[in-house]
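Student: One structure coming up, written as structure tokens, with questions to follow.
All of the numbers you see were taken from the coordinates with simple rules; none came from a lab. What you see is a predicted model; the values in this text were computed from it and never measured. Please note: Cβ atoms are built from the backbone with ideal geometry, for glycine as well, and neighbour counts cover all protein chains shown.
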Amino acid sequence: MYRLAFRNFIRSRSVIIALVLFLLVGIVSIFIGKQFLEKQQAAIEAVTQLQKEQIERNVEYVQDQFGLLMYYLRFAYINPPDPVTALAIGQQDVNSSIQYLTIRGLEGQRYDTGLYNPYNQLTGNLDLSFVILFFFPLLIIAFNFNVLSQESELGTWPLVKVQVNQPLRFILQKLGIRLIVVLALLFTLLALAILIIGLPPSERLAAYIVTAVLYILCWFAVSFLVIALRRSSSVSALLLLCTWVMLCLLVPAIINNYLTVRYPVKEAYSTFIKQRDGYHTKWDKNADSTMQAFFGHYPQFRNYVWNSPKFNYMWYYAMQQLGDDESAPDSEAMQRKLRQRQQSAGTTALFFPPMHAQLQFTGIAGTGLEQHLHYLDSTAVFHENKKLHFFPKIFGDSAVIGENWAQHVPQYFQPANPVKWALLVMPFIIFVTMLGAAGILIFNKNEAK
């Protein structure tokens with residue numbers, strides 16, 4: 001009987017059309033992810049070559065003033081994409097993964113990003129995680145909304161109850177058939193993604209697959225609860241669609257709006273202004289006060305001569321540093337509020353599977369806000385190390401040709417981003433267990449009437 005039900009379901013023309021359509025959409029999303037990954041890799045190769053060429057060119061033409069040379073030289077700090085990024089692009093298309101910095105003021109550089117078409121940013125990227133998060137629930141709804149109501153409306157449910165000892169088991173078997181079909185579609189897309197993108201086996205890939213499977217189980221649990229209510233097919237479909245709108249669209253929008261109001265990031269503008277003013281106003285102030293403030297930050301440079309009659313690069317870079325120092329409180333406040341937003345969103349998402357799945361997808365791929373903030377923090381360390389390396393050479397008026405320029409190649413961000421399995425799995429399991437138990441209780445209660 002189970003095999004017959006499976007054959008009847010899978011041979012349905014509407015089921016075949018739906019599966020083919022979703023398979024095509026999934027394949028398109030995989031190629032979009034692959035294209036994004038290739039674009040990122042091309043940018044990394046381009047900036048690597050660019051850094052080498054611009055160092056060689058500037059060193060050739062500026063050989064007598066180390067301070068002037070360092071005004072122009074830029075150094076790349078790269079956040080290389082994980083291969084799983086192709087499956088969950090997240091905010092990686094908006095937040096720059098390459099910082100190309102001079103040793104001048106950091107705050108005026110590290111938030112720079114590329115120019116993008118606003119319409120493309122509005123529509124977002126159709127990656128595989130988007131298909132799983134928003135399209136797969138619709139497929140599950142289409143498969144499940146009339147699992148029981150169709151039997152009742154056709155008048156076959158009394159016959160079914162006579163033939164089977166446990167009506168609940170019959171419903172679960174029908175849901176199991178649909179679950180197998182949906183999971184087969186999911187694993188087909190994942191297998192194609194592994195082949196097309198060339199994803200190597202990894203813990204991140206395993207975590208991505210587990211997240212996708214558990215998310216699908218959540219929607220089957222939602223469907224089972226609605227089925228247990230024993231409403232008509234039209235009412236069941238409406239309830240499931242309303243649930244999809246609420247969980248996938250309405251709740252995330254409300255939470256995002258609340259967090260934006262709760263943690264307003266006004267410092268994003270003031271950081272930029274204070275950094276610019278902190279530097280530019282120093283041109284009109286006493287150089288001695290500027291240098292004393294600079295020595296307060298870097299006491300190890302007090303022994304260098306800065307008040308020479310010629311243009312003094314030590315004073316110039318001191319002004320740049322004070323721009324960063326004066327904007328530092330606002331920059332720290334901005335970072336703190338962004339982290340508070342992320343933490344609050346993560347806590348709230350524990351109660352809403354679509355939000356939790358989305359945060360897990362981007363967290364696994366390293367494309368979320370939290371990972372980008374870690375990258376920005378690491379960028380500050382990279383910038384500081386470059387300053388500490390070159391400041392003594394600038395202040396001591398070292399020979400340009402004495403520097404080993406071949407060692408200055410792009411450096412890479414190495415994030416510590418382990419998969420938190422308990423945090424990933426438990427919210428899904430609790431959600432499925434609670435809805436499954438509620439569905440069984442309601443089904444048996446209605447069956448006893």
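Student: If you place +1 on the Cβ of every Lys and Arg and -1 on the Cβ of every Asp and Glu, how big does the dipole about the Cα centre of region 226-303 come out, in debye to the nearest 20?
Tutor: Numbers: 9 positive and 4 negative charges, 56 e Å.
So the magnitude is around 280 debye.
Student: Placing unit charges on C-beta atoms (Lys and Arg positive, Asp and Glu negative, everything else neutral), compute the dipole magnitude of region 321-383 about its Cα centre in debye, rounded to 20.
Tutor: Details: 4 positive and 7 negative charges, 87 e Å.
Using only the charged Cβ atoms, the result is roughly 420 debye.
Student: Now for a separate question. Take the cross-link list 285/386; 174/445; 52/393; 285/387; 52/282 and give me the ones stretching past 22 Å between alpha-carbons.
Tutor: Over 22 Å Cα-Cα: 285/386; 285/387; 52/282.
Student: Taking only DSSP H segments of four or more residues, each worth -39500 (n - 2.57), what value at 222 nm results for the chain once the sum is divided by all its residues, to the nearest 500 deg cm²/dmol? Write out the running numbers ahead of the final one.
Tutor: Values: 17 runs with 300 residues, N = 449.
Calculated mean residue ellipticity at 222 nm is -22500 deg cm²/dmol.
Student: Rank 379, 134, 20 by how far each Cα sits towards the positive end of the charge dipole of the chain (+1 on Lys, Arg Cβ; -1 on Asp, Glu Cβ) and give me just the farthest.
Tutor: The listed residue farthest towards the positive side: 20.
Student: I need the trypsin sites (Lys or Arg not before Pro) found in region 267-306, filtered to DSSP loop residues with at most 16 other beta carbons within 10 Å of theirs.
Tutor: Numbers: sites: 274, 276, 282, 285, 302; in loops: 285, 302.
Here the trypsin sites (Lys or Arg not before Pro) that fit, given the DSSP loop and packing criteria, are 285, 302.
Student: Moving to a separate point now. Normalise the Cα radius of gyration of region 221-352 by 2.2 N^0.38 Å (N = residues in it) and let me know the number. Please report the intermediate quantities before stating the final value.
Tutor: Working: Rg = 27.4 Å, N = 132, 2.2 N^0.38 = 14.1 Å.
Region 221-352 yields a ratio of 1.95.
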